[in-house]
Amino acid sequence: MKGPLLGTLLAGGLAALDATPVAQTLASQPLVVATALGVLWGDWSTALAVGTVLQILAASTLPIGARTPEDYAVGGVVGTGVALYLASQAPFEHVRQASSLVGVMFGLTAASLSVPLLRWQRRHNEGLARWCEASLRAGNEGALGQAQGAAVALAFAVGLVTCVVWLVLARWGAPLVERESLRLAGAWHLLQPLWLGFGFAQLLHAFVQRRLERAGVFAAALVAAWLVIVAGSP
């Protein structure tokens with residue numbers, strides 16, 4: 001248990017790095033993160049179910065104007081990690097389905113509540129940029145590396161601490177999830193057509209805009225969702 005938990009926390013830090021000062025690849029996308037965590041926890045079904053839904057939700061988030069989009073990089077780790085942790089507490093299918101729903105809710109909430117934190121982080125990075133410019137003018141040739149290192153350390157710490165907080169909350173709420181697992185599992189089944197319909201809408205939108213890379217991501221997400229639903233059906 002300790003190994004997967006530590007790996008999840010590390011994934012939170014790395015996803016935050018990928019989404020902000022380093023790389024900025026698809027590695028921080030919820031579906032990619034969920035695949036890695038599914039291997040780590042040994043529960044592909046739960047991980048892909050949660051990751052697919054969070055990927056679809058993340059795709060509908062656009063940075064329009066000055067709006068700060070929700071942080072689905074860390075939210076994907078939180079949602080998938082919470083679902084996998086709760087599902088590991090009881091080896092029953094309805095508990096795993098209930099955990100998937102709770103994981104999606106945790107991921108969505110974490111992504112939304114991270115917006116003020118992202119704004120603070122951006123203001124801090126702007127301050128680092130001003131400090132770096134002033135230091136370079138003063139003759140400090142290592143200022144650029146120092147500023148970049150500080151931004152990387154901050155992003156990693158924010159991602160890791162965010163995952164710690166939400167996993168602690170999930171641990172406190174585990175008895176409630178287990179007690180209400182039948183109702184939550186029923187709600188998860190009712191919501192699955194909604195997730196898939198929303199995903200098809202995003203796929204069509206990406207195709208019309210000729211954003212073939214995004215369309216490919218959504219197609220992969222929908223195929224994964226279909227496979228998870230078929231594999232998990234009695």
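Observations, loosely collected:
- Of all residue pairs spaced 6 or more apart or on separate chains, those with beta-carbon atoms under 9 Å, a first member in region 137-152 that is without any contact (Cβ under 8 Å) to a residue 24 or more places away in the chain and a second member that is in a loop (DSSP other than H, G, I, E, B) are Gln146/Asn140.
- Filter result for the condition that a residue is closer than 22 Å to Leu40 by Cα and assigned to a helix (DSSP H, G or I), over Gln89, Gln55: Gln55
- Top-ranked residue of region 40-57 - restricted to ones that are small (Gly, Ala, Ser) and closer than 17 Å to Gln89 by Cα, ranked as surrounded by the most Cβ atoms within 10 Å (Cβ to Cβ): Ala47
- Qualifying residue in region 12-23 (condition: of a type outside the set (Asp, Glu), farther than 15 Å from Phe156 by Cα, in contact with a Cys (Cβ under 7 Å, 6 or more places away or on another chain) and assigned to a helix (DSSP H, G or I)): no
- Checklist (1) outside any loop (DSSP other than H, G, I, E, B); (2) under 13 Å from the mean Cα position of the chain (by Cα) applied to Glu70, failing item: (1)
- Residue list for region 2-31, restricted to those being more than 23 Å from Arg119 (Cβ to Cβ), surrounded by fewer than 20 Cβ atoms within 10 Å (Cβ to Cβ) and aliphatic (A, V, I, L, M): Leu5, Leu6, Leu9, Leu10, Leu26, Ala27
- Here Gly79 passes the criteria (1) of a type in the set (Gly, Ala, Ser); (2) more than 16 Å from the chain's Cα centre (by Cα); (3) within 14 Å of Thr46 (Cβ to Cβ) except the one numbered (2).
- Among the residues of region 111-145, the ones that are surrounded by 12 or more Cβ atoms within 10 Å (Cβ to Cβ), more than 17 Å from Thr68 (Cβ to Cβ) and of a type outside the set (Gly, Ala, Ser) come to 7 in all.
- Flag if Trp172 is modelled with pLDDT under 65, part of a helix (DSSP H, G or I), out of contact with any Asp or Glu (no Cβ under 9 Å at 6 or more places or on another chain) and closer than 29 Å to Gly7 by Cα: no
- Single residue of region 184-193 satisfying the filter (over 13 Å from Ala87 (Cα atoms) and either acidic (Asp, Glu) or in contact (Cβ under 8 Å) with a residue 24 or more places away in the chain (or both)) that is surrounded by the most Cβ atoms within 10 Å (Cβ to Cβ): Trp188
- Across region 69-103, the qualifying residues are those that are surrounded by fewer than 24 Cβ atoms within 10 Å (Cβ to Cβ) and closer than 19 Å to Ala59 by Cβ, and the one among them that is modelled with the highest pLDDT is Glu70.
The values are calculated or read from the model by the stated rules, or taken from the named source; none is laboratory data. A quick note: this is a predicted structure, and the numbers were derived from the prediction, not measured. Don't worry about glycine lacking a Cβ; one is built from the backbone with ideal geometry, like all the others, and counts go over all protein chains shown.
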